[in-house]
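The values are calculated or read from the model by the stated rules, or taken from the named source; none is laboratory data. Everything numeric here is computed off the predicted structure, so don't read it as measured data. Positions of Cβ are backbone-derived with ideal geometry, glycine not excepted, and every protein chain shown enters the neighbour counts. Calculation scope for accessible area: heavy atoms of the full protein, side chains included, ligands and nucleic acids excluded. Shrake-Rupley method; radii C 1.70, N 1.55, O 1.52, S 1.80 Å.
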Amino acid sequence: SLSAEVSEVEARREEEKSTMASKEEKIVNLLEEQKQQSMQLTDLRNEITELQKKLDTKDEQIRSLSHENQMLSETKAQREKEESNIAAEEEKVDNLLEEKKQQSMQL
C-alpha cells in the first residue's frame with residue numbers, strides 16, 4: 001500500500017541522514033586530526049630550525065677555536081725556535097769565556 005511505501009521511503013531517508021551525519025562527523029574528526037598534525041609539523045620544523053642555528057653556532061665556535069689553536073701552535077713553534085737560538089748563543093758565549101779563561105791562564 002501507499003502508506004507502507006511512504007514509511008519505507010521515510011525510513012530509508014532517515015537511514016541516509018544518519019549515514020551522512022556519521023560521514024560528516026568522520027570528516028570533521030579527520031580535519032581536526034589533520035590540523036593537529038599540521039601544528040605538530042610546524043612545531044617540529046621550528047625545533048629543527050632552532051637546532052640548526054645552535055649547530056651553526058657550534059660550527060663557528062669550532063672554526064674559531066681551530067684557528068686560535070693554529071695560531072698558538074705557530075707561536076709555540078716560533079718560541080721554541082727562539083729558545084733554541086738563545087741556547088746556541090749562550091753556548092757560544094760560554095765557549096768564548098772558557099777560551100778567554102784558558103788564554104789568561106796561559107799568560
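Here are some residues: 30, 41. Which one is open to solvent by less than 100 Å² (accessible area, probe 1.4 Å) and part of a helix (DSSP H, G or I)?
Numbers: 30 fails: open to solvent by less than 100 Å² (accessible area, probe 1.4 Å).
Just a single option satisfies the conditions, and that option is 41.
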Meets criteria (out of contact with any Ser or Thr (no Cβ under 8 Å at 6 or more places or on another chain), open to solvent by 100 Å² or more (accessible area, probe 1.4 Å), modelled with pLDDT under 95 and part of a helix (DSSP H, G or I)) for residue 5: yes
